[in-house]
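Each value in this text was obtained by applying a stated rule to the coordinates, not by laboratory testing. Everything numeric in this text was worked out from a predicted model, so none of it was measured. Don't worry about glycine lacking a Cβ; one is built from the backbone with ideal geometry, like all the others, and counts go over all protein chains shown.
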Amino acid sequence: MARICLHGYVSGKVQGVYYRQSTQEEADRLDLDGWVRNLDDGRVEVLLEGEEDAVRELARWLERGPDKARVTAVELAEQPLQGITGFIVRR
């Protein structure tokens with residue numbers, strides 16, 4: 001299967017609800033590379049890279065997030081592979 005890269009933004013109640021850490025845990029479980037970080041406007045920004053099926057699975061997970069999150073929108077766009085290794089929470 002081909003590797004793909006998705007970059008985008010998650011809106012809603014996604015800060016202060018364990019969203020970034022949960023995203024990292026899901027990415028690690030799926031063996032994905034990339035990063036996640038909070039933005040000043042209340043959104044979360046993500047970059048996901050890996051096998052297409054796994055990336056798409058995490059993209060679907062982003063739509064609900066952890067239990068306390070209330071996701072209102074997920075905007076993801078495919079972009080060229082970045083060659084990132086590992087998945088981190090950016091500060």
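Figures for the structure shown
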| quantity | calculated |
| --- | --- |
| Residue-averaged [θ]222 nm for the chain, counting only DSSP H segments that reach four residues, each worth -39500 (n - 2.57) | -7500 deg cm²/dmol |
| Added length on full extension, which subtracts the Cα-Cα distance from 0.36 nm per residue, ARG90 to ASP41 | 16.1 nm |
| Chymotrypsin sites (Phe, Trp or Tyr not before Pro) within the range 6-91, DSSP loop, no more than 15 other Cβ atoms inside 10 Å | TYR18 |
| Selection of GluC sites (Glu not before Pro), the range 22-80, meeting DSSP coil and at most 14 other Cβ within 10 Å | GLU63 |
| Theoretical FRET efficiency, 1/(1+(r/R0)^6), r = Cβ-Cβ of ASP28 and ARG70, R0 25 Å, to 0.05 | 0.55 |
| Mean separation of Cα contacts under 8 Å (6+ apart) over length of the chain, as relative contact order % | 46 percent |
| Per-residue ³J(HN,Hα) for the range 66-77, Karplus 6.51 cos²θ - 1.76 cosθ + 1.60, θ = phi - 60°, Hz, x for Gly and Pro | x, 3, 7, 6, 10, 7, 10, 7, 10, 10, 10, 9 |
